[in-house]
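The values are calculated or read from the model by the stated rules, or taken from the named source; none is laboratory data. It should be emphasised that the depicted structure is a prediction, and the values quoted were computed from it without experimental measurement. Neighbour counts are summed over all protein chains in view; Cβ atoms, including those assigned to glycine, are modelled from backbone coordinates with ideal geometry. To get the accessible areas, we keep the full protein, side chains included, count just its heavy atoms, and leave off ligands, DNA and RNA. Shrake-Rupley method; radii C 1.70, N 1.55, O 1.52, S 1.80 Å.
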Amino acid sequence: MALMSLSWCLSAVLALFCVSSWTQVHSALAPENEVPLRPTTWFPEGKITSVTLPKGRTRRLYFTLKKKAPAMSVTVSPCDLPIEWSLSARTLKDKPLKSLQWSTKKSMPEVWWRGPGIEEKMHSFTGNAVDTYRGPSHPQASIYILRLRSKQQNSRATVYLHEGLGPSGAFPLLPADPRVHTLGVGMTSVTLSWAPSASITSLPQTQQSYDYCVLVNSQQNLPSVCAAQESIGKKKDQKQEKKERRRRVTVWPILKEWWWQQWDSYPEPQSPPSSLADDNADLQCVCQGTESVCTVSELLPDTQYYFDVFVIDRLNGTSMAYKGTFARTHEEARPEIITLREGELRWVTFRGRGSNSEQFFSFRPRGWQQSGLLTLQSCGGGEKVKVTVSSKGQVLTSQAVGGDLVHIWLQGSSSYLIHLEREGTTTGQISAAADPALPGGLTASVKMQTSSAYHRRGVPSLPSTLQIKSFNRLRGCNSVTLAWMGTEERSLYCVYRRKLGDREAEAGGASALTAPCLGPESRSDTERVLCKYFQELNPRRAVTTAVIGGLKPGMAYVFDVYLMRRWGIPIKYASKMVKTRKEC
């Protein structure tokens with residue numbers, strides 16, 4: 001038993017010693033910076049190779065040149081993110097044996113990497129732009145190493161190797177000035193121009209395999225076509241994710257069986273093989289062709305846009321990017337906003353009948369209650385006028401304004417925006433002669449007044465009717481008696497008279513009456529007959545009368561009554577024409 005225990009201990013010690021020795025030998029053979037390479041480590045010449053770059057990992061590509069190759073060029077095109085890449089030439093002291101390659105089961109680049117040698121860096125670059133190294137081949141180089149790395153996140157890039165002195169012909173040519181210039185900027189359009197590419201100008205029209213593609217977005221300039229495709233793909237993924245979220249919403253206890261049936265009915269997603277033509281078909285080029293001038297339209301006003309121009313080689317499936325530009329479209333013409341003063345009476349006029357017109361006003365009520373009264377009256381006959389009152393972008397009220405007085409109560413905001421718009425003319429109500437109440441040449445007018453209401457809580461009351469009644473029995477040679485309806489509020493009523501001539505009296509009708517928009521401010525003091533206060537709490541009995549004397553026998557007069565208030569436009573009653581008796 002003791003002998004078996006001793007034998008087991010010796011076996012364990014021997015096993016540990018062998019494992020430790022094998023580890024030391026393996027670590028001595030393998031250098032510290034050895035990185036396992038993938039099968040696609042060889043970099044072929046004359047072929048565009050796509051390379052996937054995991055975040056923070058360095059990808060190595062190896063290639064060798066022909067013995068008589070005097071020069072070479074290496075082009076690296078990042079997709080959308082900045083990457084780091086470098087080109088180095090490695091010279092080995094001894095050429096590795098073929099037996100070593102087969103025994104270690106390593107590819108030739110890895111075997112050469114193990115061997116002793118000298119490495120010299122030839123070129124390095126950091127950024128997201130297309131970069132090309134052009135130069136003579138290294139005379140002593142055994143193998144060339146291309147290293148690529150993405151620090152920010154997973155990305156990809158394309159690489160291309162060309163042997164020889166001349167251009168590779170695989171990429172379109174950019175002009176000496178690859179900038180995109182802005183010719184003109186409007187409110188909804190931008191015009192661009194750029195120097196033409198020699199790849200397009202050097203070929204006849206029958207052999208054109210190159211196109212310009214102009215892209216526009218509102219976020220940033222795009223360094224390559226690949227970046228544009230990535231942006232389109234992200235938008236599609238976001239839309240698909242939203243659809244998936246909506247599809248996942250279900251009531252599990254109720255729709256359990258239905259859910260499994262639907263789930264089984266969905267086929268497995270299959271990604272068809274994509275070609276370069278399909279990828280370019282997803283690009284939404286606002287301008288495409290061989291012209292070096294482009295006008296981008298249907299843009300939003302006062303918005304900054306980024307414009308990129310690419311010249312695409314459809315035959316080789318490559319592209320080159322011009323240096324993009326950006327521009328901000330002009331803002332919309334903001335209308336003039338007129339500030340209304342406290343108690344100000346304003347005439348708003350619109351010129352011309354052909355098109356709609358609008359005007360904007362602002363009003364700030366006084367007092368902590370922030371309440372006021374807006375009074376309007378249309379004086380344009382058949383003109384349709386609409387008033388819209390808003391505050392802080394929210395519409396409070398919108399209504400039409402006619403010949404009758406309109407009261408709008410303002411409350412709850414420190415400022416109001418008043419929008420008056422002439423919508424059109426009512427058919428059959430346009431007269432050839434100008435309205436006598438309007439200045440010459442004006443086709444529409446609105447009378448408006450705004451005032452703060454400190455202690456009021458609503459719109460003031462109005463008379464039940466605005467008609468004036470005259471009593472024939474009380475009509476004399478030198479006086480007439482008039483009556484009109486008042487309100488339950490104590491208000492001032494003023495009576496004006498105007499003597500008519502013989503022709504006006506004979507014609508009678510509307511031409512002899514006073515225009516409804518003419519207020520007491522437009523009347524002469526000599527026409528004012530009397531002013532009196534009146535109040536009646538019962539609206540049905542709110543009737544007041546006035547005896548107008550000092551008249552001439554047999555003469556026609558037009559009488560006007562105005563209800564004078566502290567707030568708003570004075571209310572004009574309908575004009576009344578009365579003729580005194582010739583004989584009494």
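For SER414 and ILE118, compute 0.36 nm times the residue count separating them, minus their Cα-Cα distance, and round to one decimal in nm.
On the way: separation 296, 0.36 × 296 = 106.56 nm, distance 8.01 nm.
Full-extension gain reported as 98.6 nm.
In nm, to one decimal, how far is the ALA129 label point from the SER390 one, both placed 7 Å along Cα→Cβ?
4.6 nm
Hey, any idea what % of region 468-579's accessible area is carbon plus sulfur with a 1.4 Å probe? Please report the intermediate quantities before stating the final value.
Working: 2860 of 5890 Å².
Here it works out to 49 percent.
Order of 155-161, 285-291 by packing, highest average Cβ count within 10 Å first? Mind showing how you got there, number by number?
Details: 155-161: 21.1, 285-291: 15.4.
Output ranking for 155-161, 285-291: 155-161, 285-291.
Here are some pairs, LYS93/LYS151; LYS66/LYS93; LYS532/LYS576; LYS392/LYS447; LYS386/LYS447; which of them have Cα atoms lying more than 22 Å apart in this structure? Walk me through the numbers on the way to the answer.
Working: LYS93/LYS151 34 Å; LYS66/LYS93 19 Å; LYS532/LYS576 19 Å; LYS392/LYS447 25 Å; LYS386/LYS447 13 Å.
Going by Cα-Cα distance, LYS93/LYS151; LYS392/LYS447 fall outside the 22 Å limit.
Quick check: Cα centre of region 541-579 to Cα centre of region 127-176, how many Å?
A separation of 97 Å, based on Cα centres.
Counting Lys +1, Arg +1, Asp -1, Glu -1, what net charge surrounds LEU376 among other residues with beta carbon under 15 Å of its beta carbon? Spell out each step's value before the answer.
Values: positive: ARG346, LYS384, LYS386, ARG422, LYS447, ARG565, LYS572; negative: GLU344, GLU358, GLU383, ASP404, GLU421, GLU423.
Here the charged neighbours net out to +1.
Provide the net charge surrounding SER414, with neighbours chosen by a C-beta distance below 10 Å and charges set as Lys +1, Arg +1, Asp -1, Glu -1.
Numbers: positive: ARG364, LYS392; negative: none.
Its environment carries a net charge of +2.
HIS138: net charge of surrounding residues, Cβ under 15 Å, Lys/Arg +1, Asp/Glu -1, itself excluded? Can you show the working numbers first?
On the way: positive: LYS66, LYS67, LYS68, ARG90, LYS121, ARG134; negative: GLU119, GLU120, GLU163.
Combined, the nearby Lys, Arg, Asp and Glu give +3.
Taking 60 Å as R0, compute the FRET efficiency from the Cβ-Cβ separation of LEU183 and THR465 and round it to 0.05.
Numbers: r = 67 Å, r/R0 = 1.11.
So the FRET efficiency works out to roughly 0.35.
Using 13 Å as the cut-off for backbone N distance, which residues of region 296-321 belong to the label zone defined by a point 7 Å from the Cα of GLN219 along Cα→Cβ?
It comes to 306, nothing else.
Once fully extended, how much extra length lies between ASN478 and LYS151, figured as 0.36 nm per residue of separation less the alpha-carbon to alpha-carbon distance? Could the numbers behind the result be given before it?
On the way: separation 327, 0.36 × 327 = 117.72 nm, distance 10.53 nm.
Working it through step by step, the gained length comes to 107.2 nm.
Ordered by packing density, taken as the mean number of other Cβ atoms within 10 Å over each peptide's residues, highest first, how do 468-480, 314-326 rank? Don't jump to the answer; show the numbers that get you there.
On the way: 468-480: 14.2, 314-326: 18.5.
Ranked from most to least packed, the peptides come out as 314-326, 468-480.
What fraction of the Cα pairs in region 468-579, stated in percent, has a spacing above 22 angstrom? Show your work: numbers first, answer last.
Working: 1987 of 6216 pairs.
So the portion of pairs separated by more than 22 Å is 32 percent.
Can you tell me which of 410-419, 190-199, 131-140 comes out highest on packing, and rank the rest after it, using the mean Cβ neighbours within 10 Å? Mind showing how you got there, number by number?
Working: 410-419: 17.1, 190-199: 18.6, 131-140: 13.9.
Packing order, densest peptide first, comes out as 190-199, 410-419, 131-140.
For LYS47 and ALA515 in one chain, what is 0.36 nm times their gap in residues minus the Cα-Cα distance, to one decimal in nm? If you can, show how the numbers build up before the last one.
On the way: separation 468, 0.36 × 468 = 168.48 nm, distance 8.92 nm.
Going from the current span to full extension adds 159.6 nm.
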